[in-house]
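K.L.:
Below are the structure tokens for one structure; questions will follow.
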Amino acid sequence: MRTAIIGGGISGLTTALSLYRLGIDCKVYEKAPELKPVGAGIWMQPNALKVLDWLGVGAQVRANGTALYQVDISNQMLRPFRKTNNSITRDSAGNNIISIHRARLQNILAESLPPGMLETNKSYESHQLIGDSVSIKFTDGVTEADILLGADGIHSKVRASIFPDSTIRYSGQTCWRGVAAMQLPKEFTSTGREAWGKGVRFGFSQVSDNQVYWFGVVKAPQNQKDVSDNLKQKIVDLFPDFHPLVKEIIAKTDESVIIRSDLSDLIRLDHWSSDRVCLMGDAAHATTPNMGQGGGQGIEDAWYLSNLLAISGNHAEAFFRFEQLRRKKVDYIVNTSHQLGKMAHSFVGQSFLKLIMKITPERIMQKQMQKLFDVQEVFV
Ligand SMILES: Cc1cc2nc3c(=O)[nH]c(=O)nc-3n(C[C@H](O)[C@H](O)[C@H](O)COP(=O)(O)OP(=O)(O)OC[C@H]3O[C@@H](n4cnc5c(N)ncnc54)[C@H](O)[C@@H]3O)c2cc1C
């Protein structure tokens, strides 16, 4: 089955690697001229690691990242509202969350593909169904495949072509991310931290020996642009009553690597596929990042969709089962993440979440997290 994947992000690359592993012919088309070392950090949770292990790259991801044994939510002085322990952020197989530079993750995935499977500088324009195949038009030519997978992110052109009425929802929050050249004090090197202030959040974790990934989130109107002049000081000023470490992390960041993203998700689509075309990753179910699961869900999609295609051999059946198997978890993540984001930026919401954090028994927390970390076997 000739499979064309549009988009060489986390979802597209892991799907290509999965299909390759299962002996299915595939090619990834990425619009960027090259996979550049951009992006800040990312937390890969145990569900993602299970799939990365199956793909044969888990050890490399662990070796190039930092294991987080806890993720704590704290006040602005970095005092946790409740100290979590490792049993909450680890799965039953002993996988911990790995904090890794995105560029490293992307390189590991891209370099694991056989030569020629990833084609850059290929921008998808449109497609047409012709008989039993799909004719795909790029800005610079046409190719043919049996099925087309749209892994081209939240602003997916593939999605626009099959579901033109899909809607992106802005959360009302914008986020700056960066990577600082430094080592955190010892007490923070193996923990993820998200500190809450009045209507603002700041999080960070070590990603490698001398790199710290951070993010700062505030409420803001959509589509605002930064004037680069003195950007770091402007970000520091958004967190005036935070622990001095926050200021130090921002100060030790090269301003040119700071990225700003408005946090949005995708209003639930009725379907993810149409005929020989199927969406996946952010193109199908983009979420706000408050649960740190968007990339992980794209990786899970790779596992389910590729195995279903391999077992069934029939794309229509595989696409149908894919949605059946994935919907519940993905819907839960998108909705819960949206709610968490809203609550974390309001006084009442924050107070409620702090109370929940304090009173929820550990075994309930563990159970909730294990549900997120679960990846099922695939049967048609
Ligand atoms: C602030 C922030 C923090 C996050 N933190 C985490 C985290 O800690 N853990 C986690 O799991 N997730 C996290 N996420 C979510 C995660 O980044 C996304 O879910 C993930 O990157 C989606 O991957 P994707 O491959 O589906 O889409 P993308 O990463 O958007 O990749 C799409 C690819 O398609 C290409 N493309 C687009 N259009 C075309 C076209 N027309 N033709 C060809 N190629 C095209 C793009 O260039 C891109 O390479 C975070 C997101 C944000 C915004």
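The values are calculated or read from the model by the stated rules, or taken from the named source; none is laboratory data. Just so it is clear, the model here is predicted, and its values are computed rather than measured. Note: ideal-geometry Cβ built from the backbone for every residue, glycine included; neighbour counts use all protein chains shown.
K.L.:
Being farther than 26 Å from Trp196 by Cα and either within 25 Å of the chain's Cα centre (by Cα) or acidic (Asp, Glu) (or both) narrows it down to one of Leu325, Leu340, so name that one.
P.N.:
Details: Leu340 fails: farther than 26 Å from Trp196 by Cα.
After applying the criteria, what remains is Leu325.
K.L.:
Follow-up question, since we're still on this one. Looking at (1) in a helix (DSSP H, G or I); (2) within 16 Å of Gly281 (Cβ to Cβ); (3) touching a strand residue (DSSP E or B) at 6+ places or on another chain (Cβ under 9 Å), which one does Tyr20 not meet, given that it meets all the others?
P.N.:
Failing condition for Tyr20: (2).
K.L.:
Could you identify the single residue in Gly39, Gly7 that is within 15 Å of the ligand (Cβ to nearest atom) and crowded, with 20+ Cβ neighbours inside 10 Å? Give the steps one after another, and end with the answer.
P.N.:
Working: Gly39 fails: crowded, with 20+ Cβ neighbours inside 10 Å.
Every option except Gly7 fails the conditions.
K.L.:
Those residues that are outside any helix (DSSP H, G or I), over 23 Å from Gly216 (Cα atoms) and not charged (D, E, K, R), I need them from the range 23-50; list them, please.
P.N.:
Gly23, Ile24, Cys26, Val28, Tyr29, Ala32, Pro33, Leu35
K.L.:
As an exercise: evaluate Pro33 against (1) closer than 27 Å to Gly150 by Cα; (2) at pLDDT 95 or above; (3) surrounded by fewer than 21 Cβ atoms within 10 Å (Cβ to Cβ) and give the number of the one condition it does not meet.
P.N.:
(2)
K.L.:
So which residues in the range 135-176 are among the β-branched types (Val, Ile, Thr), in a helix (DSSP H, G or I) and either more than 10 Å from the ligand (Cβ to nearest atom) or free of Cβ contacts under 8 Å to residues at least 24 places away in the same chain (or both)?
P.N.:
Ile162
K.L.:
Mind checking which pairs have a first residue in the range 29-46 that is within 17 Å of Leu113 (Cα to Cα) and of a type in the set (A, V, I, L, M, F, W, C) and a second that is more than 8 Å from the ligand (Cβ to nearest atom) and part of a loop (DSSP other than H, G, I, E, B), Cβ under 9 Å, 6 or more apart or different chains?
P.N.:
What qualifies is Leu35/Thr120.
K.L.:
Could you list, in sequence order, the residues of the range 47-74 that are among the small types (Gly, Ala, Ser), more than 13 Å from the ligand (Cβ to nearest atom) and touching a residue at least 12 places away in the same chain (Cβ under 8 Å)?
P.N.:
Gly56, Ala67, Ser74
K.L.:
Which one of these is exposed (fewer than 15 other Cβ atoms within 10 Å of the Cβ), under 20 Å from the mean Cα position of the chain (by Cα) and at pLDDT 95 or above: Ala16, Ala63?
P.N.:
Result: Ala63 is the single residue among Ala16, Ala63 that is exposed (fewer than 15 other Cβ atoms within 10 Å of the Cβ), under 20 Å from the mean Cα position of the chain (by Cα) and at pLDDT 95 or above.
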